[in-house]
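Shown next, in C-alpha coordinates, is the structure this report addresses.
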Amino acid sequence: MQEHTVRQGDCLHSVAAQYGFFWETLWNHGANATLRRQRADPSVLKPGDVITIPDKDVREVPAATDKRHRFVKRGTPNLVRIQITRDDVPRRNEPYALEIDGRLQTGQTDGQGMVEMRIPPQAKQGTLRVGEGQDVEFYYFDLGTVDPVDTEFGARGRLRCLGYDDSQDFAALLKEFQHKERLPETGALDAATCAKLKERFGE
Amino acid sequence: MSNGEETSAATIARQAINSLLRNVLNSRVVPILFHRSPGNDNGGDRAIAGLHWQVRAQGFVIQTGVTGNDGRVAMVVRGASSTLELLHNGAVVASYDVRVSTATLDAVGTLIGQKQRLRLLGYQIGHGGPDGNGVDATVNMETERSMLDFQADESLYDDAVVTATMQARLTARAGT
(Lines give C-alpha, C1' and ligand atoms only; values in the text may rest on other atoms or scores of the structure.)
Protein backbone atom coordinates (compact mmCIF):
# COMPACT_ATOMS: atom_id res chain seq x y z
CA MET A 1 0.00 0.00 0.00
CA GLN A 2 1.11 3.52 -0.68
CA GLU A 3 -0.50 6.93 -0.46
CA HIS A 4 -0.94 9.68 -3.02
CA THR A 5 -1.47 13.25 -1.85
CA VAL A 6 -3.69 15.17 -4.26
CA ARG A 7 -2.17 18.22 -5.96
CA GLN A 8 -4.01 20.87 -7.96
CA GLY A 9 -5.02 19.36 -11.29
CA ASP A 10 -5.33 15.80 -9.89
CA CYS A 11 -8.63 14.02 -9.83
CA LEU A 12 -9.34 10.37 -9.10
CA HIS A 13 -9.31 9.61 -12.82
CA SER A 14 -5.84 11.02 -13.42
CA VAL A 15 -4.39 9.46 -10.24
CA ALA A 16 -5.85 6.03 -11.10
CA ALA A 17 -4.33 6.20 -14.58
CA GLN A 18 -0.99 7.28 -13.12
CA TYR A 19 -0.79 4.14 -10.93
CA GLY A 20 -2.39 1.81 -13.46
CA PHE A 21 -5.77 1.25 -11.84
CA PHE A 22 -9.34 1.64 -12.90
CA TRP A 23 -10.71 4.63 -11.01
CA GLU A 24 -13.49 2.47 -9.57
CA THR A 25 -10.89 0.17 -7.96
CA LEU A 26 -9.44 3.06 -5.97
CA TRP A 27 -12.78 4.75 -5.27
CA ASN A 28 -14.38 1.60 -3.93
CA HIS A 29 -11.35 0.40 -1.96
CA GLY A 30 -12.08 0.18 1.77
CA ALA A 31 -9.06 2.32 2.64
CA ASN A 32 -10.59 5.22 0.68
CA ALA A 33 -14.03 5.04 2.32
CA THR A 34 -13.48 8.31 4.25
CA LEU A 35 -12.45 10.18 1.12
CA ARG A 36 -15.49 8.81 -0.70
CA ARG A 37 -17.82 10.03 2.04
CA GLN A 38 -16.11 13.41 2.20
CA ARG A 39 -15.95 14.19 -1.51
CA ALA A 40 -18.88 12.35 -3.12
CA ASP A 41 -17.53 13.14 -6.61
CA PRO A 42 -14.34 11.48 -7.93
CA SER A 43 -13.85 14.37 -10.36
CA VAL A 44 -13.73 16.96 -7.59
CA LEU A 45 -10.93 16.45 -5.06
CA LYS A 46 -9.14 18.99 -2.90
CA PRO A 47 -5.37 19.46 -2.94
CA GLY A 48 -4.11 17.72 0.19
CA ASP A 49 -6.65 14.89 0.03
CA VAL A 50 -4.96 11.50 0.45
CA ILE A 51 -5.76 8.54 -1.78
CA THR A 52 -4.63 5.09 -0.69
CA ILE A 53 -3.13 3.14 -3.58
CA PRO A 54 -3.44 -0.63 -3.00
CA ASP A 55 -0.76 -3.10 -4.08
CA LYS A 56 -1.43 -4.58 -7.43
CA ASP A 57 -2.68 -8.12 -7.79
CA VAL A 58 -0.06 -9.64 -10.02
CA ARG A 59 -1.57 -12.04 -12.44
CA GLU A 60 0.62 -14.66 -14.11
CA VAL A 61 -0.16 -15.89 -17.54
CA PRO A 62 1.61 -18.93 -18.94
CA ALA A 63 2.97 -18.20 -22.38
CA ALA A 64 5.16 -20.23 -24.67
CA THR A 65 8.48 -18.87 -25.88
CA ASP A 66 9.03 -17.99 -29.54
CA LYS A 67 5.39 -17.16 -30.01
CA ARG A 68 3.59 -13.89 -30.26
CA HIS A 69 1.13 -13.01 -27.46
CA ARG A 70 -1.28 -10.19 -27.52
CA PHE A 71 -2.21 -8.35 -24.29
CA VAL A 72 -4.86 -5.74 -24.53
CA LYS A 73 -4.79 -2.78 -22.13
CA ARG A 74 -8.33 -1.89 -21.33
CA GLY A 75 -8.54 1.82 -21.82
CA THR A 76 -10.48 4.02 -19.46
CA PRO A 77 -11.01 7.24 -21.34
CA ASN A 78 -12.61 10.17 -19.59
CA LEU A 79 -14.98 12.77 -20.81
CA VAL A 80 -15.25 16.51 -20.82
CA ARG A 81 -18.75 17.84 -21.27
CA ILE A 82 -19.05 21.62 -21.47
CA GLN A 83 -22.16 23.71 -21.90
CA ILE A 84 -21.48 27.06 -23.57
CA THR A 85 -23.79 29.93 -22.68
CA ARG A 86 -23.94 33.71 -23.15
CA ASP A 87 -25.80 35.65 -20.51
CA ASP A 88 -27.12 32.20 -19.46
CA VAL A 89 -28.53 31.41 -22.92
CA PRO A 90 -27.03 28.26 -24.55
CA ARG A 91 -25.09 28.78 -27.78
CA ARG A 92 -26.98 26.24 -29.87
CA ASN A 93 -25.87 24.60 -33.11
CA GLU A 94 -22.70 26.66 -33.45
CA PRO A 95 -19.47 25.38 -34.99
CA TYR A 96 -16.71 24.63 -32.49
CA ALA A 97 -13.15 23.36 -32.35
CA LEU A 98 -11.94 21.78 -29.11
CA GLU A 99 -8.24 21.11 -28.59
CA ILE A 100 -7.08 19.13 -25.57
CA ASP A 101 -3.39 18.31 -25.09
CA GLY A 102 -2.76 18.54 -28.83
CA ARG A 103 -5.78 16.54 -29.96
CA LEU A 104 -8.35 18.42 -32.01
CA GLN A 105 -12.06 17.74 -32.39
CA THR A 106 -14.41 19.87 -34.48
CA GLY A 107 -18.20 19.82 -34.75
CA GLN A 108 -21.33 21.69 -33.82
CA THR A 109 -22.69 22.40 -30.36
CA ASP A 110 -25.93 20.52 -29.79
CA GLY A 111 -29.40 21.91 -29.07
CA GLN A 112 -28.34 22.72 -25.49
CA GLY A 113 -25.03 24.35 -26.41
CA MET A 114 -23.16 21.22 -25.33
CA VAL A 115 -19.70 20.08 -26.44
CA GLU A 116 -18.39 16.63 -25.54
CA MET A 117 -15.03 14.96 -26.09
CA ARG A 118 -13.30 11.79 -24.91
CA ILE A 119 -9.96 12.50 -23.30
CA PRO A 120 -7.11 10.52 -21.76
CA PRO A 121 -7.41 10.54 -17.94
CA GLN A 122 -4.25 12.61 -17.53
CA ALA A 123 -5.09 15.34 -20.06
CA LYS A 124 -4.29 18.73 -18.55
CA GLN A 125 -5.32 21.71 -20.69
CA GLY A 126 -7.76 22.69 -23.36
CA THR A 127 -8.79 25.48 -25.67
CA LEU A 128 -12.25 25.80 -27.14
CA ARG A 129 -13.26 27.99 -30.05
CA VAL A 130 -16.97 28.63 -30.63
CA GLY A 131 -18.63 30.48 -33.51
CA GLU A 132 -17.33 31.66 -36.84
CA GLY A 133 -16.86 34.78 -38.96
CA GLN A 134 -18.55 37.76 -37.35
CA ASP A 135 -18.15 36.54 -33.77
CA VAL A 136 -15.68 33.90 -32.58
CA GLU A 137 -15.06 33.31 -28.88
CA PHE A 138 -12.14 31.46 -27.26
CA TYR A 139 -12.12 29.67 -23.89
CA TYR A 140 -9.02 28.47 -22.07
CA PHE A 141 -9.30 25.86 -19.32
CA ASP A 142 -7.35 23.55 -17.01
CA LEU A 143 -8.64 20.04 -16.46
CA GLY A 144 -9.12 18.42 -13.07
CA THR A 145 -8.87 21.76 -11.26
CA VAL A 146 -12.43 21.90 -9.96
CA ASP A 147 -12.10 21.98 -6.16
CA PRO A 148 -14.87 21.13 -3.68
CA VAL A 149 -17.63 23.71 -3.75
CA ASP A 150 -17.32 24.51 -0.04
CA THR A 151 -13.76 25.85 -0.44
CA GLU A 152 -12.92 29.40 -1.54
CA PHE A 153 -10.88 28.18 -4.50
CA GLY A 154 -13.70 25.85 -5.55
CA ALA A 155 -16.35 28.57 -5.30
CA ARG A 156 -14.21 31.18 -7.07
CA GLY A 157 -13.42 28.76 -9.91
CA ARG A 158 -17.10 28.01 -10.46
CA LEU A 159 -18.05 31.69 -10.36
CA ARG A 160 -15.28 32.54 -12.84
CA CYS A 161 -16.66 29.91 -15.24
CA LEU A 162 -20.14 31.37 -14.76
CA GLY A 163 -18.89 34.79 -15.90
CA TYR A 164 -18.48 36.57 -12.56
CA ASP A 165 -15.59 38.92 -11.90
CA ASP A 166 -13.56 36.79 -9.48
CA SER A 167 -10.88 39.43 -8.99
CA GLN A 168 -13.06 41.03 -6.33
CA ASP A 169 -13.16 40.44 -2.62
CA PHE A 170 -14.64 37.00 -1.80
CA ALA A 171 -17.59 38.27 0.27
CA ALA A 172 -18.50 40.85 -2.41
CA LEU A 173 -18.26 38.17 -5.10
CA LEU A 174 -20.58 35.86 -3.14
CA LYS A 175 -23.04 38.70 -2.54
CA GLU A 176 -23.19 39.43 -6.27
CA PHE A 177 -24.01 35.77 -6.96
CA GLN A 178 -26.51 35.62 -4.11
CA HIS A 179 -28.19 38.80 -5.34
CA LYS A 180 -28.55 37.43 -8.87
CA GLU A 181 -29.86 34.09 -7.59
CA ARG A 182 -32.21 35.76 -5.07
CA LEU A 183 -30.52 34.05 -2.13
CA PRO A 184 -30.04 35.75 1.25
CA GLU A 185 -27.10 38.12 0.68
CA THR A 186 -24.90 36.85 3.49
CA GLY A 187 -21.56 37.15 1.71
CA ALA A 188 -20.76 33.74 3.20
CA LEU A 189 -20.28 30.37 1.54
CA ASP A 190 -23.34 28.85 3.20
CA ALA A 191 -25.15 25.63 2.30
CA ALA A 192 -27.76 27.31 0.05
CA THR A 193 -25.02 29.13 -1.87
CA CYS A 194 -22.98 25.92 -2.33
CA ALA A 195 -26.03 24.06 -3.59
CA LYS A 196 -26.90 26.81 -6.08
CA LEU A 197 -23.27 26.98 -7.28
CA LYS A 198 -23.30 23.24 -7.97
CA GLU A 199 -26.60 23.51 -9.77
CA ARG A 200 -25.40 26.35 -12.02
CA PHE A 201 -21.92 25.02 -12.78
CA GLY A 202 -23.10 21.41 -12.94
CA GLU A 203 -20.76 19.91 -10.36
CA MET B 1 -5.63 27.24 -5.10
CA SER B 2 -4.04 25.78 -2.04
CA ASN B 3 -0.52 25.61 -3.46
CA GLY B 4 -0.54 29.37 -3.94
CA GLU B 5 -0.51 29.25 -7.73
CA GLU B 6 -2.59 31.83 -9.59
CA THR B 7 -4.71 30.99 -12.58
CA SER B 8 -7.18 32.84 -14.73
CA ALA B 9 -8.15 29.80 -16.76
CA ALA B 10 -11.53 28.14 -16.42
CA THR B 11 -11.74 24.97 -14.32
CA ILE B 12 -13.22 21.89 -15.97
CA ALA B 13 -13.63 18.39 -14.51
CA ARG B 14 -12.57 15.11 -16.10
CA GLN B 15 -15.78 13.11 -16.00
CA ALA B 16 -16.27 9.36 -15.80
CA ILE B 17 -17.32 8.09 -19.20
CA ASN B 18 -20.84 7.29 -17.99
CA SER B 19 -21.28 10.53 -16.08
CA LEU B 20 -24.23 12.76 -16.91
CA LEU B 21 -22.70 15.89 -15.42
CA ARG B 22 -21.66 18.92 -17.42
CA ASN B 23 -19.66 22.05 -16.63
CA VAL B 24 -20.97 25.43 -17.70
CA LEU B 25 -18.86 28.17 -19.31
CA ASN B 26 -20.93 31.35 -19.33
CA SER B 27 -19.90 34.71 -20.79
CA ARG B 28 -21.14 38.12 -19.80
CA VAL B 29 -21.87 40.13 -22.90
CA VAL B 30 -21.94 43.91 -23.22
CA PRO B 31 -23.64 45.12 -26.40
CA ILE B 32 -21.65 47.88 -28.07
CA LEU B 33 -22.74 49.82 -31.16
CA PHE B 34 -20.32 51.62 -33.45
CA HIS B 35 -22.03 54.67 -34.96
CA ARG B 36 -20.75 57.59 -36.95
CA SER B 37 -21.97 61.09 -36.28
CA PRO B 38 -23.75 62.85 -37.79
CA GLY B 39 -25.70 60.44 -39.90
CA ASN B 40 -28.61 61.40 -42.13
CA ASP B 41 -31.78 62.91 -40.72
CA ASN B 42 -33.40 59.69 -39.63
CA GLY B 43 -30.16 58.25 -38.28
CA GLY B 44 -30.48 55.25 -40.56
CA ASP B 45 -26.96 55.33 -41.96
CA ARG B 46 -25.10 55.65 -38.69
CA ALA B 47 -23.96 52.09 -38.04
CA ILE B 48 -20.38 51.31 -39.05
CA ALA B 49 -20.28 47.95 -40.80
CA GLY B 50 -17.17 45.91 -41.64
CA LEU B 51 -15.08 46.96 -38.63
CA HIS B 52 -12.61 44.25 -37.65
CA TRP B 53 -12.31 43.91 -33.89
CA GLN B 54 -10.89 41.70 -31.16
CA VAL B 55 -11.31 41.45 -27.41
CA ARG B 56 -8.48 40.82 -24.97
CA ALA B 57 -8.72 39.76 -21.34
CA GLN B 58 -5.81 38.88 -19.06
CA GLY B 59 -3.39 38.94 -21.99
CA PHE B 60 -5.35 36.50 -24.18
CA VAL B 61 -7.43 37.23 -27.25
CA ILE B 62 -10.81 35.88 -26.19
CA GLN B 63 -12.96 37.05 -29.08
CA THR B 64 -12.60 38.18 -32.70
CA GLY B 65 -15.13 39.42 -35.25
CA VAL B 66 -16.38 41.89 -37.80
CA THR B 67 -19.30 44.29 -37.32
CA GLY B 68 -22.39 43.67 -39.45
CA ASN B 69 -24.84 46.21 -40.86
CA ASP B 70 -25.97 47.21 -37.37
CA GLY B 71 -22.41 48.11 -36.25
CA ARG B 72 -22.93 45.88 -33.24
CA VAL B 73 -20.37 43.98 -31.14
CA ALA B 74 -21.61 41.56 -28.47
CA MET B 75 -18.48 42.08 -26.41
CA VAL B 76 -17.46 39.45 -23.87
CA VAL B 77 -16.05 40.76 -20.59
CA ARG B 78 -14.09 38.28 -18.44
CA GLY B 79 -12.81 39.04 -14.99
CA ALA B 80 -12.63 42.69 -13.94
CA SER B 81 -12.45 44.13 -17.45
CA SER B 82 -11.72 43.38 -21.09
CA THR B 83 -10.27 45.52 -23.86
CA LEU B 84 -12.00 45.94 -27.21
CA GLU B 85 -9.53 46.66 -30.00
CA LEU B 86 -10.36 47.90 -33.48
CA LEU B 87 -8.09 46.59 -36.22
CA HIS B 88 -7.04 48.01 -39.55
CA ASN B 89 -4.91 45.78 -41.75
CA GLY B 90 -4.22 43.66 -38.68
CA ALA B 91 -2.91 46.54 -36.57
CA VAL B 92 -4.70 47.89 -33.51
CA VAL B 93 -5.91 51.42 -34.28
CA ALA B 94 -8.16 52.05 -31.28
CA SER B 95 -8.85 50.34 -27.99
CA TYR B 96 -11.52 50.65 -25.32
CA ASP B 97 -11.34 49.24 -21.79
CA VAL B 98 -14.73 47.94 -20.74
CA ARG B 99 -15.57 47.15 -17.14
CA VAL B 100 -18.89 45.68 -16.13
CA SER B 101 -20.31 47.68 -13.30
CA THR B 102 -23.48 47.14 -11.37
CA ALA B 103 -23.55 50.93 -10.86
CA THR B 104 -25.93 52.59 -13.32
CA LEU B 105 -25.78 56.04 -14.88
CA ASP B 106 -27.38 58.96 -13.05
CA ALA B 107 -30.96 59.82 -14.03
CA VAL B 108 -31.30 61.45 -17.45
CA GLY B 109 -33.16 64.32 -15.77
CA THR B 110 -29.92 65.44 -14.07
CA LEU B 111 -27.08 67.33 -15.69
CA ILE B 112 -24.59 64.63 -14.66
CA GLY B 113 -26.78 61.91 -16.18
CA GLN B 114 -27.02 63.91 -19.42
CA LYS B 115 -23.25 64.46 -19.56
CA GLN B 116 -22.58 60.76 -18.88
CA ARG B 117 -24.74 59.83 -21.86
CA LEU B 118 -23.24 62.48 -24.16
CA ARG B 119 -19.76 61.21 -23.28
CA LEU B 120 -20.81 57.61 -23.96
CA LEU B 121 -22.12 58.71 -27.37
CA GLY B 122 -18.78 60.26 -28.29
CA TYR B 123 -19.55 63.96 -27.82
CA GLN B 124 -16.75 66.17 -26.54
CA ILE B 125 -17.66 67.30 -23.05
CA GLY B 126 -14.20 68.38 -21.91
CA HIS B 127 -12.01 67.15 -19.06
CA GLY B 128 -13.59 68.69 -15.97
CA GLY B 129 -15.03 66.88 -12.98
CA PRO B 130 -13.47 64.67 -10.30
CA ASP B 131 -12.46 61.92 -12.78
CA GLY B 132 -11.20 64.30 -15.46
CA ASN B 133 -13.68 62.91 -17.97
CA GLY B 134 -15.89 65.98 -18.23
CA VAL B 135 -18.67 64.56 -16.07
CA ASP B 136 -19.59 67.14 -13.45
CA ALA B 137 -22.54 69.35 -12.54
CA THR B 138 -21.37 72.55 -14.20
CA VAL B 139 -22.45 73.98 -17.53
CA ASN B 140 -19.53 75.36 -19.53
CA MET B 141 -18.88 76.08 -23.20
CA GLU B 142 -18.09 72.43 -23.99
CA THR B 143 -21.30 71.30 -22.32
CA GLU B 144 -23.35 73.70 -24.41
CA ARG B 145 -21.54 72.79 -27.61
CA SER B 146 -21.99 69.03 -27.04
CA MET B 147 -25.70 69.56 -26.43
CA LEU B 148 -26.04 71.68 -29.58
CA ASP B 149 -24.15 69.00 -31.53
CA PHE B 150 -26.44 66.31 -30.21
CA GLN B 151 -29.54 68.34 -31.04
CA ALA B 152 -28.23 69.01 -34.54
CA ASP B 153 -27.48 65.32 -35.07
CA GLU B 154 -30.93 64.40 -33.82
CA SER B 155 -32.71 67.16 -35.77
CA LEU B 156 -34.03 68.66 -32.54
CA TYR B 157 -34.61 72.34 -31.94
CA ASP B 158 -31.04 73.55 -31.24
CA ASP B 159 -30.99 75.87 -28.28
CA ALA B 160 -29.16 73.69 -25.75
CA VAL B 161 -32.37 73.46 -23.69
CA VAL B 162 -32.82 69.92 -22.42
CA THR B 163 -36.42 69.10 -23.22
CA ALA B 164 -38.24 65.87 -22.42
CA THR B 165 -37.81 64.87 -26.08
CA MET B 166 -34.07 65.38 -25.83
CA GLN B 167 -33.91 63.36 -22.60
CA ALA B 168 -35.83 60.53 -24.24
CA ARG B 169 -33.52 60.66 -27.27
CA LEU B 170 -30.41 60.59 -25.04
CA THR B 171 -31.73 57.54 -23.24
CA ALA B 172 -32.62 55.80 -26.49
CA ARG B 173 -29.26 56.52 -28.15
CA ALA B 174 -27.15 55.57 -25.13
CA GLY B 175 -29.27 52.45 -24.59
CA THR B 176 -29.71 53.19 -20.90
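The values are calculated or read from the model by the stated rules, or taken from the named source; none is laboratory data. For clarity, every value in this text was computed on a predicted model and none was experimentally measured. A quick note on method: Cβ atoms are made from the backbone with ideal geometry, for glycine too, and the neighbour counts reach across all protein chains shown. We work out accessible area using only protein heavy atoms, side chains counted, and drop any ligands, DNA or RNA first. Shrake-Rupley method; radii C 1.70, N 1.55, O 1.52, S 1.80 Å.
List of remarks:
- Carbon/sulfur fraction of accessible area - the protein assembly as shown, other protein chains in place, 1.4 Å, %: 49
- In units of the rule-of-thumb radius 2.2 N^0.38 Å, the range B:111-174 shows an alpha carbon radius of gyration of 1.00.
- Percentage, to the nearest whole number, of Cα pairs in chain A over 22 Å apart: 59
- Label separation (B:Val66 vs B:Ile48): 1.7 nm, computed from points 7 Å beyond Cα along the C-beta direction.
- In the elastic network of chain B, a GNM with C-alpha springs shorter than 10 Å, the most mobile of B:Ala13, B:Ala164, B:Ala47 is B:Ala13.
- Rounded to the nearest 100, the interface formed by chains A and B buries 4500 square angstrom of accessible surface, both chains summed, with a 1.4 Å probe.
- Count of lysine pairs in the protein assembly as shown with Cα separation under 23 Å (8 or more residues apart, or interchain): 10
- Relative contact order (percent, whole number), the range B:29-99, Cα cutoff 8 Å, 6+ residue spacing: 30
- Computed with a 1.4 Å probe over protein heavy atoms only, the accessible surface of the protein assembly as shown comes to 54 Å² per residue.
- Residue of A:Gln112, A:Gln134, A:Gln38 that the Gaussian network model of chain A assigns the largest fluctuation, springs spanning Cα pairs under 10 Å: A:Gln134
- 16 Å cut-off, amide nitrogen to a point 7 angstrom out along A:Thr5 Cα→Cβ, residues in the range A:38-82: A:46-53
- Within the full protein context, the accessible area of A:Ile53 is estimated at about 0 Å² for a probe radius of 1.4 Å.
- Each pair of Cα atoms in the range A:2-53 enters the Kirkwood radius, and Stokes-Einstein at 10 °C and 1.306 mPa s then converts it into a translational diffusion coefficient of 150 µm²/s.
- Kirkwood radius, the protein assembly as shown, all distinct C-alpha pairs, inverse of mean reciprocal distance: 24.2 Å.
- In chain A, helices alone account for a calculated mean residue ellipticity at 222 nm of -7000 deg cm²/dmol, with every DSSP H run of four or more residues adding -39,500 (n - 2.57).
- For the range A:150-168, residues shielded by at least 50 square angstrom of accessible area compared with the chain on its own, probe 1.4 Å: A:Phe153, A:Arg160, A:Cys161, A:Gly163, A:Asp165
- Given R0 = 22 Å, the distance between the Cβ atoms of B:Ala80 and A:Ala97 translates into a calculated FRET efficiency of 0.20.
- Taking a span of 27 Å or more along the helix axis (Cα atoms) and a mean Kyte-Doolittle hydropathy of at least 1.0 as the rule, no DSSP H helix of chain B qualifies.
- log10 of Debye I(q)/I(0), alpha-carbon scatterers only, for the range A:78-142 at 0.18 Å⁻¹: -0.61
- In nm, spacing of pseudo-spin labels at B:Val30 and A:Thr186 (7 Å Cα→C-beta vector): 3.3
- Here the label points at B:Val100 and A:Ala63, each 7 Å from Cα along the C-beta direction, are separated by 5.6 nm in the simple model.
- Under the shape rule built on the C-alpha gyration tensor, where the axes satisfy a ≥ b ≥ c, the range A:14-103 is oblate, since a/c reaches at least 1.5 while a/b does not exceed b/c.
- Of the GluC sites (Glu not before Pro) found in the range A:1-109, those in coil by DSSP whose Cβ has at most 11 other Cβ atoms within 10 Å are A:Glu60.
- Relative contact order of chain A, taken over Cα pairs closer than 8 Å and 6 or more residues apart, is 17 percent.
- Measuring spread by the Cα atoms of the range A:152-201 yields a radius of gyration and Dmax of 9.3, 23 Å.
- Dimensions (Å) - chain B, Cα atoms, principal axes, largest first: 69, 35, 33
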